[in-house]
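Participant: Encoded as structure tokens, here's the structure I'll be asking about.
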Amino acid sequence: MSKKKLTFSLAILLVALMAFMTGCSKTPTIKSVERSGSNATNPLVLSTGTLDGKFSPFFATSAYDMDVQAMTQLGLLYYNKFGAPEAGVKAPCLASDYSQEISSDKSTTTYTFWLKKDVLFSDGKPVTAKDVLFSIYVLADPLYDGSSTYYTMKIKGINEYRLQTSAEILKTVDAILDAGISDNNGSIAYNAAAGISNDQQVKFWSYLDQAGAKFAQEIVDYVMAKYTKYIGSDYFPGYKADQVSASKTLQTAFGMAMWGFGEVADNGSFKDSMGKSYDLSKDTIGADIYWKNILDSYGYDLSDAGINAEKAGDLSVQDYIKAEYIKNEGQVSGGVKNISGITTGNAKSPDGSKRDFIKIVLDGVDPTAIFKMGVEVAPMHYYTNGFTGKLNDYGVATGDKAFMDFLKTKNDKPLGAGPYAFQNYTDKVVTYTANDGYLLGAPKIKTLRYKEITLGAELDSAKTGEVHFTDPSASNTIINDITGGQGDYAKLAYTLVDNDGYGYIGINAQAVPEFKVRKALAHAMNVQLAVDNYYQDLASVNYRTMTKILWAYPENPNNLFPYDGSGETSKKLFLESGYVYDAARKIMAYPAGHPKAGQQATYKFTLPAAAADHPAGTILLDLQEVMAKIGVKIDIEIDQNLLGKLSTAYESGIVGWAAAWGSGGVDPDMFQVWYADPSKNQSTSPVAKGLFWMFKNGSDEEKAMLKEMDELIDAGRATLDTEERRTIYKRALELSTGLAVEIPTYQRKNLFVYNKNIIKASSLFSGADVTPFQSPIAFIWNVELN
């Protein structure tokens, strides 16, 4: 062979080898993106509240800390503007697709998540199925103490793993819990349990106080995550958010105050619900004291209408004591190595390509489970780097406190596959740089910042240019000033979004047992007044007993109780109920057989504040006038403790009242608030409206409505089909609203303000695309500067 031919052959071989190597390369690299103008040189500054510095996908608890870490993370699923789960090529999540399959006997539900390929963490390392499993196993660890409730799902084997126990021990524990305990003059009385000895019960329930303190602490953590805006208000006067955040005693006192277990006195001391006073400057108030207050209020009633009525999350007192007992008395030798219901593999996906998948099997059917499945996928290589202990196949050291403590050492610098990479947190400012390898494209803006702003100063910070995007408390004054465009307001613009919650006027069915009388009252309520006279542009009318932002809320529902200011519609309904109009006295009299027969029909409505200061105030004042036209008397009283009395509304003399529901979450399940069969629903929510009473004592028409509503609620919990559930809830809402025990009034709005001279408005979500689940900057990678 000639030298020329040999050289040519080697060249061909080299080219072929390079082509082979290129074709085999499966890990892309992050290439730096060149930006121009303001996007390259200027930061976008967002406002945030007081930060705790726990910027971890595992351990962030406050809403502000969660926002900070979320910029760096990518979830297994994406939840869209309706709060509904999504996967797909264009969705900002790791899953390319997912499925939910219910077994024929409905004993199990199997979820399969197909993973995208070539997704990178911001440090250039690939995201794999191992990272998904690592994230799940951290959240399911026996010693995990973060805010996630992933482990509350009924995943096969998760209880055995999390509690490191056997199915047999769990069976014994469940038998003790099923038997329960009773209150015997302030002491525990053990109820008989088949096959369970008294000694076993005594040992089990000896952990109640430890469990109770954790139950109380969860309430405190929830309040600190959701309600810090009320620090300094009448709920907790004299303090600022950063003071409370820095003190465990103040946090506990604040949590107790918000839950109605104490109040700050004029001298700054704190008085709990047991009447004991504490000097907040030197005394210690912990979760154990909070628990004692809860016990004092309820005794040993662990029902949903008792102590568990106070729970802030998914876990009951029974869940906490179960965990405490097993941790100390029931762990199996050698431990439980894995969660049997979670597996992974590689197979042909729905799009025809081979992909890695995560499969999760749950016992039974739970439509709400999918909303917990979208775990943030954290990099195992980063969060375990430096740990010297032994890790298992899932990247964790099960039940090892040293491992959990090690994970927390990285709280101050999160890393993930999100649109931005964390740089530092200095002088109350968090700084990020763009993750140019982000799966949906490099962010337009190179530098992003969060700046801590004192509560109440959000608008001023936007006016001065200190921040470019913020969310002050909505007011018509702010909107009018921005619309006017004078001075510092000239550079500002705003976006309104429906609040996740709605206002309503309640009527207790036991106090007003005649169905047509409740309807008569409802027809005399001009709910539009809450908008026109109180919120104006900052609210809209609601016609169903559900927050309007949920996907299950029906499209353009009709008003079941059209307002008749003449009173004639109401008068007709009163007369059909047997009431008698006495023309001589100009009164509508109670009917014969009524304890007050012949006396003027009178109904009391209670507000927590003066009518002029409450959204429902003008509705009730107008109700007074309309009812006066037909001889019915409406009394309006003020009771600042109204909300605390609703769980015993009838006994407390509450006939009608005005209040509002807070966040309804992302699933439309109506069970807790509307399921009327007291043998199945033990929550206190139906008590206020008198649903349990009506279930047993109502008219045939009311009982039929409640029966149908309960059946629909059960049906809604037994399917995962969104369209089927949408149809179910449309009818269920017609029934719940039609009972005239809760008349929806308004849905108020929240406000976003931004600097239109800095931010390109066309790059933000606007109009109907802005929801409580999707802010104007939800797709932060698409936001641009002018």
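The values are calculated or read from the model by the stated rules, or taken from the named source; none is laboratory data. As the structure is a prediction and not an experimental result, all values here were calculated from the model. Cβ sites come from the backbone with ideal geometry, for glycine too, and all protein chains shown count toward neighbours. The accessibility values were calculated without ligands, DNA or RNA, using every heavy atom of the protein model including side chains. Shrake-Rupley method; radii C 1.70, N 1.55, O 1.52, S 1.80 Å.
Participant: Student exercise: in the range 593-701, how many lysine pairs 8 or more apart or on different chains have Cα atoms under 21 Å apart?
Facilitator: Value for the range 593-701: 10.
Participant: Rank T547, Q510, N533 by how far each Cα sits towards the positive end of the charge dipole of the range 504-582 (+1 on Lys, Arg Cβ; -1 on Asp, Glu Cβ) and give me just the farthest.
Facilitator: Working it through, the farthest residue towards the positive pole turns out to be Q510.
Participant: What are the trypsin sites (Lys or Arg not before Pro) within the range 312-395 that DSSP puts in a loop, where the Cβ has at most 15 other Cβ atoms within 10 Å?
Facilitator: K337, K390
Participant: For the range 224-266, take every pair of Cα atoms, bin their distances at 10 Å starting from 0, and report each bin as a whole percent.
Facilitator: Using 10 Å bins, I get a P(r) of 32, 65, 3 for the range 224-266.
Participant: Also, I was wondering about something else. Using the heavy atoms of the protein chains and a 1.4 angstrom probe, tell me the accessible area per residue for the chain in square angstrom.
Facilitator: 45
Participant: Whenever you get a sec, compute what percent of the accessible area on the range 274-382 sits on carbon and sulfur atoms (1.4 Å probe).
Facilitator: So the carbon and sulfur contribution to the accessible surface is 44 percent.
Participant: DSSP loop chymotrypsin sites (Phe, Trp or Tyr not before Pro) in the range 299-378 with at most 11 other Cβ atoms within 10 Å of their Cβ, which ones?
Facilitator: Counting only loop positions with at most 11 other Cβ atoms within 10 Å, none of the chymotrypsin sites (Phe, Trp or Tyr not before Pro) in the range 299-378 qualifies.
Participant: Something else about it: Express the Stokes-Einstein translational diffusion coefficient of the range 735-786 in µm² s⁻¹, to the nearest whole number, given a Kirkwood radius over alpha-carbon pairs, 25 °C and a viscosity of 0.890 mPa s.
Facilitator: Here the translational diffusion coefficient equals 180 µm²/s.
Participant: Ignoring any ligand, DNA or RNA, what whole percent of the accessible area of the range 440-581 comes from carbon and sulfur when the probe is 1.4 angstrom?
Facilitator: 44
Participant: Would you please classify the overall shape of the range 376-446 from the alpha carbon gyration tensor, given that a ≥ b ≥ c denote the square roots of the eigenvalues, rounded means a/c under 1.5, and beyond that prolate means a/b larger than b/c while oblate covers the rest?
Facilitator: Taking the square roots of the gyration eigenvalues as a ≥ b ≥ c, the range 376-446 is oblate.
Participant: Take every Cα-Cα distance within the range 342-425, group them into 10 Å bins from 0 onward, and report for each bin the whole-number percent of pairs it holds.
Facilitator: With 10 Å bins starting at 0, P(r) equals 12, 31, 37, 18, 2.
Participant: Please identify the DSSP H helices in the chain that span no less than 30 Å along the helix axis (Cα) and have a mean Kyte-Doolittle hydropathy of -0.5 or more.
Facilitator: Span-like helices in the chain: 3-24.
Participant: To the nearest 20 debye, what is the magnitude of the charge dipole of the chain about its Cα centre, counting +1 on the Cβ of each Lys and Arg and -1 on the Cβ of each Asp and Glu?
Facilitator: So the dipole magnitude of the chain works out to roughly 2580 debye.
Participant: Could you tell me the number of lysine pairs in the range 78-149 with C-alpha atoms less than 21 Å from each other, where the two lysines are 8 or more residues apart or belong to different chains?
Facilitator: Going through the range 78-149 pair by pair, I get 7.
Participant: Sum up the charges of everything whose Cβ sits under 13 Å from the Cβ of M588, counting Lys and Arg as +1 and Asp and Glu as -1, but leave M588 out.
Facilitator: Overall, the nearby charge balance is +4.
Participant: I've got another one for you. Is the shape of the range 126-256 rounded, prolate or oblate, going by the alpha carbon gyration tensor and its root eigenvalues a ≥ b ≥ c, with a/c under 1.5 for rounded and a/b larger than b/c for prolate?
Facilitator: oblate
Participant: Can you give me the convex hull volume of the Cα atoms of the chain, divided per residue and expressed in Å³?
Facilitator: That works out to 213 Å³ per residue.
Participant: Moving on. Which percentage, to the nearest 5, of the DSSP beta bridges contained in the chain is antiparallel?
Facilitator: Among the beta bridges of the chain, antiparallel pairing accounts for roughly 80 percent.
Participant: Mind listing which chymotrypsin sites (Phe, Trp or Tyr not before Pro) in the range 528-587 are in a DSSP loop and have 11 or fewer other Cβ atoms within 10 Å?
Facilitator: Taking the range 528-587 and a limit of 11 other Cβ atoms within 10 Å, no loop chymotrypsin sites (Phe, Trp or Tyr not before Pro) are found.
Participant: Note down the accessible area of S473, probe 1.4 Å, to the nearest 10 Å².
Facilitator: In the full protein context, S473 sits at about 100 Å².
Participant: Net charge near K760: determine it from the other residues with C-beta under 10 Å of the C-beta of K760, scoring Lys and Arg +1 and Asp and Glu -1.
Facilitator: Residues near K760 contribute +1 overall.
Participant: Compute the separation of the alpha-carbon centres of the range 559-593 and the range 612-682 and state it in Å as a whole number.
Facilitator: Spelled out, the Cα-based centre of one part sits 21 Å from the other.
Participant: Determine, for the range 175-282, the count of lysine pairs separated by eight or more sequence positions (or lying on different chains) whose alpha-carbon distance falls under 30 Å.
Facilitator: 26
Participant: Between the range 279-344 and the range 348-408, how far is it from one alpha carbon centroid to the other, in angstrom?
Facilitator: So the two Cα centres are separated by 24 Å.
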